[in-house]
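The values are calculated or read from the model by the stated rules, or taken from the named source; none is laboratory data. Note that the structure is predicted; figures quoted are calculated from it, not measured. We place every Cβ from the backbone using ideal geometry, glycine too, and count neighbours over all the protein chains shown. Just the protein is used for accessible areas: all its heavy atoms, side chains included, with ligands, DNA and RNA removed. Shrake-Rupley method; radii C 1.70, N 1.55, O 1.52, S 1.80 Å.
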Amino acid sequence: MPFDPSSPAVLGQALSRRSLLRGTAALGGLALAASFAGPVSAFAADDSVASFTQLSEFLTGYTLDPVLGARFLAALKKRDADLDASLAALSGLIKQSGVPNMDGFLALTGTDPALMKTATKVVSAWYLGVVGEPEDAELITYADSLMYRPTKGLLTVPSYGPGPNAWGPKPGSKI
């Protein structure tokens, strides 16, 4: 049976331009509403991200982005199952000691080496923008990594690298 556009069955189901515009506007409105309730508000409301970002701000001495904090925290947790306990112990030590900044924390004597290692992981992640070792490294941010903050406004962030293996092997590695 050939297609007949004037048949009553087809005419009753045809879309008018007005109904198509209404549907498109409704979908656009839903997409806009979904973007406002996106990941930023979910991350900002998360207590673990807020406390991680606060600890990171103490350790680095900078005001930091909580969205990046959530990404760093997730990447660090993937590589360390005990990270929550280590971060809680580190925060507890900082609060208990009453040190005002990272310099005061570094001057503390008798600090557990495991807590120093946790602090180093957090600071390293923020400064380099990368979590993990080369075998499983995860890039979190490049342009917003803290290593570029001291020269912000004076030097542009490099947009290219010198090429593969430009840095050579890690000191002390057996490559």
Computed over the stretch 45-148, the relative contact order (Cα-Cα under 8 Å, seq sep at least six) in percent reads 27 percent
On the accessible surface of the stretch 45-148, probed at 1.4 Å with all protein chains in place, carbon and sulfur together account for a percent value of 56 percent
In nm, the gap between the two label points placed 7 Å beyond Cα toward Cβ at D80 and M102 is 1.5 nm
Residue span T120 to Y142: 0.36 nm per residue of separation minus Cα-Cα distance leaves a gain in nm of 6.0 nm
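Determine the per residue accessible area of the stretch 45-148 with all protein chains present and a 1.4 angstrom probe, expressed in square angstrom.
I get 54 Å² per residue for the stretch 45-148.
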